[in-house]
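The values are calculated or read from the model by the stated rules, or taken from the named source; none is laboratory data. Treat the numbers as computed from the prediction; the structure is a model and nothing was measured. Here the Cβ positions follow ideal geometry from the backbone for every residue, glycine too, while neighbour counts run over all protein chains shown.
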Amino acid sequence: MVSVPARRAGVAYATGKGLSQRRACTLLGVGRSALHCCSTKLAKDTPVLARMAELAAQYPRYGYRRIAIFLGRDGHVMSFGRVHRLWRQARLQVPRKRPRKRIATGRPRPNAPTGANQVWSYDFVFDWCANGRQLKCLTVTDEWTKEGLAIEVDGRIRSGRVIEVLSRLVSERGASLYLRSDNGPEFVSRALLKWIVDQGIATALIDPGKPWQNGATESFNGKFRDECLSLEWFRSRTEAKVRPA
């Protein structure tokens, strides 16, 4: 079935070829009064599409649901269904990533949280500045809320610096029940382990070769790299320290 706008376009084409408007409308089944109707949908969608394109260029890894939140802040409050329709119309779909190897389900995660501020997980993410200097980013995540509690950036982050970041979080939020990490040298140092014991926090070290046990941090680090590190070209460590905040 041909849509009404397509039939109107057919009438315009036929009249351009010398056919009378009345005859063209009769042949294509279009009322003559409908030729001068203007759709209000286009007028409503045009500013939204323009703003949506700007946000998609600024945040290329965000999907339509996140973009809908920014549109709402700008005064374009609408349902996710309409946002999805406009998102597809503008061809702004986020490219799909290659599927990763699936891990068999049914294996419980050790010390899984049941509420906020119970299990914090932390890990390192590495990157490079434009001047060739290495960036080392310490990320701390609440496994229940999936909130990024801290991102510490520098060239070197030893166990003493890790203690400083965790101490700041404990003073702001209170101590968590568990701290989850891999078996990296910064996380198993005597100074850090002593500080953890003094705070009354238990450790939940993941098993070697099983990063899925630290899935919350792995997920956060993936988004952090995808939406920040891969999009920014830091000229220096000073600039990198400011951007993640």
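Here are the numbers for the structure shown:
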{"read-out": "Selection count where residues are buried (at least 18 other Cβ atoms within 10 Å of the Cβ), of a type in the set (S, T, N, Q) and assigned to a strand (DSSP E or B), scope region 179-217", "value": "1"}
{"read-out": "Any hit, region 32-41, residues being basic (Lys, Arg) and either at pLDDT 85 or above or within 17 Å of Gln93 (Cβ to Cβ) (or both)", "value": "no"}
{"read-out": "Extreme residue, farthest from Gln118 (Cα to Cα), among residues of region 157-195 that are hydrophobic (A, V, I, L, M, F, W, C) and free of Cβ contacts under 8 Å to residues at least 24 places away in the same chain", "value": "Val188"}
{"read-out": "Count of residues meeting criterion [assigned to a loop (DSSP other than H, G, I, E, B) and exposed (fewer than 11 other Cβ atoms within 10 Å of the Cβ)] in region 39-74", "value": "1"}
{"read-out": "Qualifying positions in region 122-160 - under 19 Å from Ile206 (Cβ atoms), out of contact with any strand residue (DSSP E or B) (no Cβ under 7 Å at 6 or more places or on another chain) and not in a loop (DSSP other than H, G, I, E, B)", "value": "Ser159"}
{"read-out": "Residue list for region 1-30, filter: assigned to a loop (DSSP other than H, G, I, E, B) and either within 29 Å of Leu86 (Cβ to Cβ) or modelled with pLDDT under 75 (or both)", "value": "Met1, Val2, Ser3, Val30"}
{"read-out": "Test: residue in region 161-168 that is in a loop (DSSP other than H, G, I, E, B), in contact with a Leu (Cβ under 8 Å, 6 or more places away or on another chain) and surrounded by 14 or more Cβ atoms within 10 Å (Cβ to Cβ)", "value": "no"}
{"read-out": "Residue list for region 166-199, filter: hydroxyl-bearing (Ser, Thr, Tyr) and under 27 Å from the mean Cα position of the chain (by Cα)", "value": "Ser176, Tyr178, Ser181"}
{"read-out": "Condition check for Gly132: in contact (Cβ under 8 Å) with a residue 40 or more places away in the chain and over 26 Å from Thr114 (Cβ atoms)", "value": "no"}
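For every residue, the table says whether it meets (1) at pLDDT 85 or above; (2) closer than 22 Å to Gly160 by Cα.
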residue: Leu192; (1), (2): yes, yes
residue: Ile196; (1), (2): yes, yes
residue: Pro208; (1), (2): no, no
residue: Phe220; (1), (2): yes, no
residue: Glu227; (1), (2): no, no
residue: Glu232; (1), (2): no, no
